[in-house]
1. Name the pairs whose Cβ atoms lie under 7 Å apart, with the first residue in the stretch 117-135 and within 19 Å of residue 180 (Cβ to Cβ), the second modelled with pLDDT under 95, and 6 or more positions between them or separate chains?
2. Name every residue in the stretch 204-234 that is more than 13 Å from the chain's Cα centre (by Cα) and within 15 Å of residue 108 (Cα to Cα), in order of residue number.
3. Please tell me if residue 166 is touching a helix residue (DSSP H, G or I) at 6+ places or on another chain (Cβ under 7 Å) and among the acidic types (Asp, Glu).
4. Confirm whether residue 53 is open to solvent by less than 60 Å² (accessible area, probe 1.4 Å), under 16 Å from residue 176 (Cα atoms) and at pLDDT 95 or above.
5. Taking the stated definitions as given, is residue 199 surrounded by fewer than 24 Cβ atoms within 10 Å (Cβ to Cβ), farther than 26 Å from residue 41 by Cβ and within 16 Å of the chain's Cα centre (by Cα)?
6. So if I check each of 189, 184, 197, which one is part of a helix (DSSP H, G or I) and either in contact (Cβ under 8 Å) with a residue 24 or more places away in the chain or farther than 27 Å from residue 97 by Cα (or both)?
7. Hey, among 240, 197, 215, which residue is closer than 19 Å to residue 321 by Cβ, touching a Phe, Trp or Tyr at 6+ places or on another chain (Cβ under 9 Å), modelled with pLDDT of 95 or more and not hydrophobic (A, V, I, L, M, F, W, C)?
Amino acid sequence: MYMIFRKAIYVSFLLSILSCASGNGSERKGDETMPVKGVGTPSFDADSAYSYIQRQADFGPRVPNTVAHERCAAYLENELRRFGASVQRQTAELTAYDGTALKASNIIGVFNKEAKNRVLLMAHWDSRPFSDQDEDRANHNKPILGVDDGASGVGVLLEMARHIGENAPSVGVDIVFFDCEDYGNPSGGDSESWCLGSQYWAQHPHQLNYRAKFGVLLDMVGAKGATFCKEGFSMMYAKGVVEKIWRKASELGYADFFVSRQSGYITDDHLPVNEILGIPSADIINFSESGFPAHWHTQRDDMRNIDKNTLKAVGQTLMAVVYEQ
């Protein structure tokens, strides 16, 4: 059976590439607060991250060329600046698969810009102009709110930015919110129509000869019951980064979220960063052998899906990876 996935070039012979499932046998913690075992790492506040997600949702769909999109861009700039980052808005006119001219803005926050040892953290902030996976075909031309698919990764990184501004890690940190990730061709088969903002940034980074030790992309990281497998391109280009993240998640008690098996190959914002800039970058994304979650690219991608336990698992794990450099 052939299936077209958002951001997916292919998911071929999926079952044949699965490695062994995570074997700790522990139950997901439900509504309990997950333990934090890291030493020297700030405690990630899931309530705060949730509020940043809600704030983005309040703007409505952040589709390029809309008022909501522009207002959200200004909000992201202001928040990063408030946390002490040096902020840049990288603007460009990009062309969508259907010829639409998109007024794009990549929002970039730089912390400790003098540090040579740097870490790149990424998420996309735009939302999809189509609900092409909605069960009701009447909704297919309606924009999605993009709460999990977009806002969740941004919310986690804003909460991290708040901590970085208050208690800087030893490394420099660059946070990039990519635009026009989700304007891809709904008919599929056109992988280059996705991730337009990250393609542009990878070709025109905010700093000449920009380098980072590694990068981590967050995409769809807020849903209840989320499962983060080891994405195929991440394993191809950044296996060491993937293993570091998943090992840390297991140490912190989050192995039920970060499962020890590989998924398919997904065209996402980490791909141009890996292929054009050569920065080994991993994608943390809610995608498993059963595909994307049911709310993906539908009118149901709203705040009802967001679970603070998932935000905590992702945020605390990534915080530990950054602060333990």
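The values are calculated or read from the model by the stated rules, or taken from the named source; none is laboratory data. Small disclaimer: the values here were computed from a predicted structure and weren't measured. Cβ: placed from backbone, ideal geometry, glycine included. Neighbour counts: every protein chain shown. Side chains included, ligands, DNA and RNA excluded: accessible areas come from the protein's heavy atoms. Shrake-Rupley method; radii C 1.70, N 1.55, O 1.52, S 1.80 Å.
1. 130/186; 132/186
2. Residues satisfying the conditions are 204, 205, 206, 207, 208, 210, 211, 212.
3. No; evaluated as a whole, the condition is false for this residue.
4. Values: open to solvent by less than 60 Å² (accessible area, probe 1.4 Å): yes; under 16 Å from residue 176 (Cα atoms): no; at pLDDT 95 or above: yes.
For residue 53, the condition - open to solvent by less than 60 Å² (accessible area, probe 1.4 Å), under 16 Å from residue 176 (Cα atoms) and at pLDDT 95 or above - is not met.
5. Answer is yes for this residue.
6. Details: 189 fails: part of a helix (DSSP H, G or I); 184 fails: part of a helix (DSSP H, G or I).
So the residue among 189, 184, 197 that is part of a helix (DSSP H, G or I) and either in contact (Cβ under 8 Å) with a residue 24 or more places away in the chain or farther than 27 Å from residue 97 by Cα (or both) is 197.
7. On the way: 197 fails: closer than 19 Å to residue 321 by Cβ; 215 fails: touching a Phe, Trp or Tyr at 6+ places or on another chain (Cβ under 9 Å).
One residue alone meets the criteria, 240.
Okay, residues lined up against (1) surrounded by 23 or more Cβ atoms within 10 Å (Cβ to Cβ); (2) part of a loop (DSSP other than H, G, I, E, B); (3) in contact with a strand residue (DSSP E or B) (Cβ under 7 Å, 6 or more places away or on another chain); (4) not hydrophobic (A, V, I, L, M, F, W, C):
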{"position": "240", "(1), (2), (3), (4)": "no, no, no, yes"}
{"position": "244", "(1), (2), (3), (4)": "no, no, no, yes"}
{"position": "249", "(1), (2), (3), (4)": "yes, no, yes, no"}
{"position": "255", "(1), (2), (3), (4)": "no, yes, no, no"}
{"position": "274", "(1), (2), (3), (4)": "no, no, yes, yes"}
{"position": "284", "(1), (2), (3), (4)": "yes, no, yes, no"}
{"position": "293", "(1), (2), (3), (4)": "no, yes, yes, yes"}
{"position": "297", "(1), (2), (3), (4)": "no, yes, no, yes"}
{"position": "301", "(1), (2), (3), (4)": "yes, yes, no, yes"}
